[in-house]
1. Report the residue count in the stretch 117-140 for those that are assigned to a loop (DSSP other than H, G, I, E, B), under 21 Å from residue 19 (Cα atoms) and either open to solvent by 60 Å² or more (accessible area, probe 1.4 Å) or without any contact (Cβ under 8 Å) to a residue 40 or more places away in the chain (or both).
2. Considering only residues that are farther than 15 Å from residue 57 by Cβ and either among the small types (Gly, Ala, Ser) or assigned to a helix (DSSP H, G or I) (or both), which ones fall in the stretch 141-159?
3. Would you please name the residue that is surrounded by the most Cβ atoms within 10 Å (Cβ to Cβ), looking only at residues in the stretch 17-64 that are within 12 Å of the ligand (Cβ to nearest atom) and of a type in the set (D, E, K, R)?
4. Please state which one of 14, 8 is within 11 Å of the ligand (Cβ to nearest atom), at pLDDT 95 or above and farther than 23 Å from residue 156 by Cβ.
5. Restricting the search to the stretch 111-154, which residues are in contact with a Lys or Arg (Cβ under 7 Å, 6 or more places away or on another chain) and within 20 Å of residue 11 (Cβ to Cβ)?
6. Output the residue which, of all residues in the stretch 65-108 that are among the β-branched types (Val, Ile, Thr), buried (at least 17 other Cβ atoms within 10 Å of the Cβ) and at pLDDT 95 or above, is nearest to residue 7 (Cα to Cα).
Amino acid sequence: MTKTAFYPGSFDPPTLGHLDIISRGVHLVDHLIIGVGAHPGKNSVFSAAERVNMLERACSNLGDKSGTKISVMTYDKLSVDAVRSSGATIILRGLRNGTDLDYEGQLAGMNRELANDVETVFLLSSAKSRHITATLVRQIASMGGDVSSFVPQALVTEITEKFLSA
Ligand code: ADP
């Protein structure tokens with residue numbers, strides 16, 4: 001049976017923290033679907049199409065190495081509904097610290113009540129990317145700072161230029 005996980009998030013923009021979770025998550029399943037949240041009314045700096053494109057580029061060689069298929073899609077409904085309609089049975093999430101654990105614990109508990117056939121699996125972030133948040137990447141880039149230590153190399157120029165033109 002094919003085991004499929006769904007990794008939901010804003011990815012605004014994708015960071016090395018997200019890539020850490022994706023590059024380790026691929027070893028756990030046959031198919032990893034990255035779900036880019038595109039909820040109406042939720043403002044993002046990068047459009048859903050830009051975030052999908054950036055994730056596809058950043059992950060292009062990860063699936064080949066592990067044999068796992070990686071797909072990227074947008075979703076605008078409840079995560080559990082997107083998980084079910086994509087055929088996944090696992091929600092993949094990353095944990096950086098105790099604050100993430102508190103929030104993610106609530107989310108996983110409520111998702112379990114909404115869909116008890118879906119299991120949330122957490123990966124602890126690696127020490128090298130534990131401090132990285134997309135929010136801080138946006139703040140640093142918007143003030144002209146160097147984000148190259150925090151985001152995939154292939155995305156540095158696009159992310160930097162987005163804020164220069166804003
Ligand atoms: P952020 O919290 O940075 O805005 P998202 O909302 O896109 O990012 O988060 C999607 C998932 O990725 C969440 O499970 C979040 O905890 C995880 N994540 C984000 N940054 C990291 C990181 N540096 N290390 C591990 N997991 C992370």
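The values are calculated or read from the model by the stated rules, or taken from the named source; none is laboratory data. Because the structure is a prediction, the values reported are computed rather than measured. Glycine also receives a Cβ, built like all others from the backbone with ideal geometry; neighbour counts cover every protein chain displayed. Surface accessibility is based on the protein's heavy atoms, side chains included, excluding ligands, DNA and RNA. Shrake-Rupley method; radii C 1.70, N 1.55, O 1.52, S 1.80 Å.
1. As a first pass, look at the stretch 117-140 and keep what is assigned to a loop (DSSP other than H, G, I, E, B): 117-118, 125-126, 130-133.
The next check asks that each one be under 21 Å from residue 19 (Cα atoms); those that pass are 125-126, 130-133.
From what's left, either open to solvent by 60 Å² or more (accessible area, probe 1.4 Å) or without any contact (Cβ under 8 Å) to a residue 40 or more places away in the chain (or both): 130-131.
Selection size over the stretch 117-140: 2.
2. From the stretch 141-159, those farther than 15 Å from residue 57 by Cβ are 141-150; that's our starting set.
Correct list: 141, 142, 144, 145, 148, 149.
3. Among those that are within 12 Å of the ligand (Cβ to nearest atom) and of a type in the set (D, E, K, R), it is 51.
4. Values: 14 fails: farther than 23 Å from residue 156 by Cβ.
After applying the criteria, what remains is 8.
5. 120, 122, 123, 125, 130, 154
6. Of all residues in the stretch 65-108, those among the β-branched types (Val, Ile, Thr) come to 68, 70, 72, 74, 80, 83, 89-91, 99.
From the residues that got through so far, the ones that are buried (at least 17 other Cβ atoms within 10 Å of the Cβ) too are 68, 70, 72, 80, 83, 89-91.
Restricting the remaining residues to those that are at pLDDT 95 or above gives 70, 72, 80, 83, 89-91.
Numbers: 70: 11, 72: 9, 80: 11, 83: 9, 89: 11, 90: 9, 91: 6 Å.
The qualifying residue nearest to residue 7 (Cα to Cα) is 91.
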